[in-house]
Structure formats: structure tokens, C-alpha cells
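The values are calculated or read from the model by the stated rules, or taken from the named source; none is laboratory data. Everything numeric here is computed off the predicted structure, so don't read it as measured data. Virtual Cβ from ideal backbone geometry, glycine too; neighbours counted across all protein chains shown.
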């Protein structure tokens with residue numbers, strides 16, 4: 001067996017176990033999809049650093065780790081108090097909680113009367129493969145995009161399904177809360193979220209990832225989003241996994257004409273974090289905003305890959321990622337913008353700025369613009385560096401101590417993304433974590 | 001209050017200040033004039049503690065203490081204030097949050113309690129009036145997107161809030177139209193008292209029509225080459241700086 005195939009072995013064993021437990025459902029359309037995805041996974045294998053998309057990202061620790069999948073929901077029942085820390089100060093939200101990848105109805109809060117909204121989990125739908133939302137997502141075949149998405153699809157068991165009907169504005173945020181309990185060591189979970197925003201409709205989705213303990217585990221998650229014509233989705237994604245965890249997440253967004261998608265992706269946790277967000281602007285007049293904030297310390301590896309596909313004319317995209325790295329943390333940012341030949345009048349702006357607060361922190365930042373149309377405006381910029389000395393001096397000259405001046409400027413740097421987060425309670429939570437890291441970790445700002 | 005003796009300073013190996021002597025007493029306004037490149041801004045920055053400059057020789061006593069030994073923040077807490085020639089834009093930090101932090105640092109140093117939020121608001125409004133600051137600027141990020149005049153006015157506004165003992169104005173008049181210049185000058189005049197002192201660094205005599213100095217010093221090539229009363233400023237206005245080169 002080739003060296004690279006050794007890493008696939010445990011997943012083959014897991015898949016056999018999984019199929020064994022499925023009795024009778026092996027012929028279902030869902031399982032057909034799983035099989036196709038698993039075959040795909042086996043044929044492409046895990047990515048390696050010879051591939052452009054993974055050039056700077058060493059995932060060997062993840063590949064070499066042994067994981068234990070769980071094919072049934074947790075025996076341990078959590079109480080509301082156990083998850084309080086993850087509820088953003090009792091944010092008033094429609095709430096779907098997933099524990100170790102499985103829907104936990106006792107912890108979830110749904111307004112059943114909300115007739116304009118279908119909100120449930122895979123495991124709750126009977127014959128859900130017949131549902132219209134499923135067929136839409138089946139057509140996307142995202143498992144062909146990437147090995148981790150294929151793996152997620154192969155082990156697809158549960159996750160959130162959100163459908164906002166046409167002509168509907170949902171005011172309350174919808175919180176998809178994914179928690180790993182660390183009940184057993186080396187858990188692996190495959191959460192899958194599907195979000196469908198109907199025509200002329202709007203919603204705010206908050207997708208968060210937390211854990212109850214500091215052990216090693218692996219979250220491999222995929223979120224598929226469809227924003228119909230003239231729809232509007234505000235998507236907040238917050239990753240605050242254990243510092244020993246591995247987190248691989250992909251978000252696939254398909255936008256129809258005149259739709260808006262606004263993403264704020266916040267990354268604090270995990271030993272290795274890789275998040276891919278791709279938006280396909282499949283219609284004229286679309287607007288996509290991808291904002292991100294990442295903060296790494298210790299030996300964290302934090303990788304953000306984005307891809308915006310300008311497939312049609314008159315679309316705008318705005319992208320702003322801000323990173324703060326200290327200790328030996330390693331950041332990777334890759335922002336690809338594809339402007340196809342027909343996509344005239346495209347306006348695309350991208351920036352990635354990264355603060356390196358220690359000598360050993362490093363960032364690989366790579367904007368990639370592929371432009372095949374001639375009447376477009378595309379700009380990108382990347383800055384890497386330390387805090388501005390003149391700004392530090394300015395604050396000090398007003399009586400603010402050097403360390404505090406640096407903290408204020410670091411905070412201000414992050415604030416440029418934080419202020420765009422649509423939900424106040426989440427902004428406050430992110431502020432709190434940021435400030436705690438700045439003052440409690442004395443090494444954080446050197 | 002301030003006693004500068006034989007001050008020599010370099011930046012990146014170039015000697016800019018070549019032996020400055022200057023004494024400033026409480027209640028006085030000193031103007032420092034001179035052509036571009038004479039060392040005026042260097043002097044202002046060395047006094048405020050900018051680390052890019054290296055002091056080779058000389059001493060600076062501020063209220064009897066060795067100023068050069070103090071960190072920039074300590075100088076500020078002891079009542080020294082520099083109004084910058086080019087105030088830095090700081091996105092993400094609101095003007096009023098910044099001022100409150102600065103004021104509280106000073107109060108802490110003086111052994112006072114942090115200022116109460118309501119009292120701070122009153123203080124802001126009261127001082128904003130002095131420099132005719134648009135209230136909207138208070139909640140904007142510090143200097144971000146401010147016009148040149150707004151930035152300079154914001155410097156004087158900060159000075160009014162922090163109430164320094166010794167204020168150094170580094171070319172605060174440059175780039176201001178006459179109305180803005182008058183506002184800035186009015187701000188300084190209203191803060192002037194027998195308890196504080198000002199050093200006004202300027203290229204032009206124009207500002208000194210509105211802020212009347214007790215002493216005028218001409219800085220040229222890193223040295224004070226002439227000192228006199230306010231009439232020296234008028235003389236410079238007439239003769240320009242060319243006579244210095246002869």
C-alpha cells in the first residue's frame with residue numbers, strides 16, 4: 001500500500017462498520033450518494049502539499065491521528081446548563097443543537113408555529129430524500145469538489161436543514177450549534193448543514209463550533225447554501241474548537257440573480273483549522289461579502305481559503321480578512337476570484353491583512369485573480385506586518401502605556417471585521433474572547 | 001518648568017539638533033520659528049519621547065526631573081502634550097473612547113478615580129465648544145477620514161481635555177485656512193493660564209498674530225541662532241529666512 005493510502009485505511013474500516021449498521025437502507029438514494037462520495041474520496045485520497053490548494057498547509061498530524069466515529073447519538077444527555085456558555089449570553093434565537101454530530105431536540109428551541117420556515121435536522125425528516133430541498137442539494141454534487149467534502153458526504157448522518165419560504169423575512173437569528181463532548185477521546189464527527197433561502201426572503205444564520213473538553217478530536221463539516229433570486233442571507237460562522245482539535249470546514253454558496261450573501265467567518269480554535277468558503281454568483285446583480293477574522297497563538301495552523309466565482313455580469317464581491325498571529329502560529333490565506341468571460345461589469349475587492357505579533361509567527365497570503373472579462377474592476381491588497389509604530393507612539397504620547405497601546409491597536413485591527421457581524425451578542429462574544437486573549441495571555445502582544 | 005541644555009540629537013546617524021539651549025517658565029508662550037529642515041519638528045518629537053531619535057548630548061529637565069529618562073506615556077502623565085504635525089489615523093478606535101482612556105490614565109497617575117461616564121460626556125461637550133468641534137467627530141474613529149483642519153482641531157481638542165502643563169504645538173497652523181487658524185488660536189488662548197506654558201513651533205508668522213508669544217526663537221541648522229520678543233516674528237515676516245544663510 002502506498003504511503004498515502006495508509007491514511008485511508010481507518011476510514012475504509014469506519015465505512016464498513018457504518019454500512020453494516022444501516023440494514024435495509026443501503027439502497028436508499030441517500031446511501032447511493034454516500035457510496036459515490038466514498039468512492040470519490042478513495043480515488044482522490046487526502047490532499048498533499050504538492051497540490052496548489054494545500055501547498056502551505058501541513059495536515060500530517062490530522063492524517064496520522066486515529067479517530068473513532070460514532071454511529072448513534074450520544075448516550076450522555078446534556079442539560080441546558082451544560083451548553084449555556086455557547087449561547088451568546090442567551091441570545092434570542094431559533095436554536096438547533098447538535099451533540100457529537102447528532103441533533104439534540106431536548107436542547108433545541110424551535111418555533112413550531114413558524115409556518116414560513118422549515119427548520120429541522122436530517123434525522124428528523126421521514127423520507128427526506130424525497131423532499132425538494134434535498135434534490136436541489138443532490139444536484140450540486142459538492143463531494144466532487146474536495147476530498148474532505150467527499151468524506152463528509154460519505155458519513156452524512158445528521159445536520160441542520162433550514163428552508164425559508166419565498167417572500168419571508170426571518171428576524172430572529174437561526175443558531176446552528178455544534179458541540180463535541182469529548183466523552184470519548186479522538187471522536188470524529190461529520191456535521192452537514194443545508195440552508196435554502198427562498199425568493200425575496202432573508203435570514204441570519206449563525207453556525208458555531210465548540211467543545212466541552214480540551215482533547216483531540218476531528219470535526220469535518222460541510223454547509224451548503226442556496227440563496228434564491230433576490231434573497232438575502234447573513235451568515236456568521238464561528239469556530240472556537242478545542243486547541244487540540246482538527247477542524248476542516250467547507251461552505252458552498254450558490255447565489256441566484258440579485259441575491260446577497262454576507263459572511264463573517266471567525267476562527268479562534270483548533271490545532272489545525274482549514275475553512276473553505278466558495279460563492280458562485282449564478283445570476284446577474286448578485287453581491288457577496290466574505291469577511292474573516294482569525295486569531296492564532298501557540299502552534300495553531302489557521303488556513304482560510306475563499307473562492308468567488310463571478311459567472312455573470314453586474315455582480316459585486318467584497319472580501320476582507322484580518323489575521324492576528326503570535327507565538328509560533330501559522331496562518332494561510334488564499335483568496336481566489338474567477339471572473340468568467342461573460343462577467344462584464346464585475347466589481348471585486350479583496351484584502352487580507354495580517355498582524356504578526358511575534359518573530360516566529362508566519363503567514364502565507366496568496367491572492368489569486370483570474371480574469372477573463374475586459375470591462376471589470378478588481379482590486380486586491382495584502383499587508384503583513386507589525387503594529388504601526390507611529391500609531392503606538394501617538395497613543396503613548398497621550399499617556400497610554402505601551403502594552404495597552406498595542407492592545408488597543410490590535411483590538412482596533414480586529415474590530416474592522418467584528419463591526420460587520422450582524423448580531424450584537426456575537427460581536428460582544430468575539431470582543432470578549434479577543435480582549436481576554438490580549439490581556440490574560442501576557443505573551444499575546446509582545 | 002523646562003530647561004534644555006546643549007541638546008544634540010540624531011536620526012539614523014544624521015545630527016539634526018546641534019546644541020539647543022532653551023528655558024521655558026510657567027505662564028510663558030515660546031515660539032520656535034525657522035525654515036524647513038532646521039530641526040523644529042525634531043525638537044518637538046525629542047521632547048515628546050519619540051524613539052526614532054537618539055539624544056547624543058545634553059540634558060532636558062522638566063519640573064526638575066530628567067525628561068529624557070521618562071517613557072512617552074510618563075511624560076504625558078506628568079503633563080507634557082504634543083500636538084502632532086501629522087496626527088495618525090487610527091481606524092477602529094473611537095475618538096471618545098481613546099480620549100476617555102487617555103484621561104483616565106492621567107487621573108490614575110494623579111491618584112484620582114476614573115471619570116464617571118456622565119461627567120466625561122459633559123466635559124467632552126464643554127471642550128468641543130472651545131474648538132468648535134463637530135459632535136459627530138467624537139464618535140468617529142480617531143482621525144480617520146478627518147480633513148487636515150479637523151485633525152488639527154482634534155489635537156487642540158485633546159489638549160483641552162487633557163489639560164497639560166506644557167503643550168508643544170508642532171506646526172499646528174500648517175495647512176489651515178484662516179478660519180480654522182483662528183479657531184485653533186482661540187483654543188490655545190482660552191487654555192492659557194499662569195499654571196501652564198506653550199511651545200509653538202511654526203514656519204510662518206501668521207499664527208503668532210493670534211497666539212501672541214512672550215519669546216520668539218529662530219532655529220536654524222539645529223541651533224537657536226536668535227532669540228527675542230514677539231517683534232522678532234515680524235522681522236522674520238519681512239526679511240524671510242534667507243538672511244540666515246549669509
Determine which member of the set B:25, B:36 is out of contact with any helix residue (DSSP H, G or I) (no Cβ under 7 Å at 6 or more places or on another chain), under 21 Å from residue B:87 (Cβ atoms) and surrounded by fewer than 21 Cβ atoms within 10 Å (Cβ to Cβ). B:36
Do you know which residues across segment B:83-94 are under 20 Å from residue A:406 (Cα atoms) and assigned to a strand (DSSP E or B)? B:90, B:91, B:92, B:93, B:94
Collect the residues in segment B:68-91 that are crowded, with 19+ Cβ neighbours inside 10 Å and more than 16 Å from the chain's Cα centre (by Cα), keeping them in residue-number order. B:90
Quick one: residue B:68 ticks every box in (1) assigned to a loop (DSSP other than H, G, I, E, B); (2) touching a strand residue (DSSP E or B) at 6+ places or on another chain (Cβ under 9 Å) bar one, so which box is it? (1)
Residues that are within 14 Å of chain A (Cβ to nearest Cβ) and out of contact with any strand residue (DSSP E or B) (no Cβ under 6 Å at 6 or more places or on another chain): does segment B:114-127 have at least one? yes
Number of the exception - residue B:95 against (1) more than 9 Å from chain A (Cβ to nearest Cβ); (2) surrounded by fewer than 20 Cβ atoms within 10 Å (Cβ to Cβ); (3) at pLDDT below 95: (2)
For segment B:186-202, name all the residues that are crowded, with 19+ Cβ neighbours inside 10 Å and over 13 Å from residue B:83 (Cα atoms). B:196, B:197
Using the structure shown, decide if residue B:45 is over 19 Å from residue A:404 (Cβ atoms), crowded, with 16+ Cβ neighbours inside 10 Å and within 14 Å of chain A (Cβ to nearest Cβ). yes
Residues satisfying the stated conditions in segment B:132-146, i.e. away from chain A (no Cβ under 13 Å) and crowded, with 18+ Cβ neighbours inside 10 Å: B:133, B:137, B:138, B:146
Looking at this structure, is residue B:148 within 22 Å of the chain's Cα centre (by Cα) and within 19 Å of residue B:184 (Cβ to Cβ)? yes
Would you point out the residue of segment B:82-92, among those that are at negative phi and within 8 Å of chain A (Cβ to nearest Cβ), that is modelled with the lowest pLDDT? B:91
The conditions are (1) without any contact (Cβ under 8 Å) to a residue 24 or more places away in the chain; (2) more than 14 Å from every other protein chain (Cβ to nearest Cβ), and residue B:108 fails exactly one of them. Which is it? (2)
For segment B:69-78, does any single residue satisfy the condition of being away from chain A (no Cβ under 13 Å), out of contact with any helix residue (DSSP H, G or I) (no Cβ under 6 Å at 6 or more places or on another chain) and under 16 Å from residue B:2 (Cβ atoms)? yes
Is segment B:141-159 home to any residue that is assigned to a strand (DSSP E or B) and in contact with a strand residue (DSSP E or B) (Cβ under 7 Å, 6 or more places away or on another chain)? yes
Quick one: in segment A:159-218, of everything that is surrounded by fewer than 19 Cβ atoms within 10 Å (Cβ to Cβ) and at positive phi, which residue is nearest to the chain's Cα centre (by Cα)? A:186
For the condition under 25 Å from residue B:27 (Cβ atoms), within 14 Å of chain A (Cβ to nearest Cβ) and touching a residue at least 40 places away in the same chain (Cβ under 8 Å), what is the one hit in B:164, B:213? B:164
Among A:233, A:206, the single one that is more than 23 Å from residue A:70 (Cβ to Cβ) and touching a residue at least 40 places away in the same chain (Cβ under 8 Å) is A:206
Wholly within segment A:332-446, which helices (runs of 4 or more DSSP H) include no fewer than the required count, namely at least 1 residues that are surrounded by fewer than 17 Cβ atoms within 10 Å (Cβ to Cβ) and away from every other protein chain (no Cβ under 12 Å)? A:424-440
Helices (runs of 4 or more DSSP H) contained entirely in segment A:1-114, each with at least 2 residues that are more than 23 Å from the chain's Cα centre (by Cα): A:3-6, A:9-21, A:29-44
Out of B:176, B:162, B:181, report the one residue that is under 13 Å from the mean Cα position of the chain (by Cα) and surrounded by 16 or more Cβ atoms within 10 Å (Cβ to Cβ). B:162
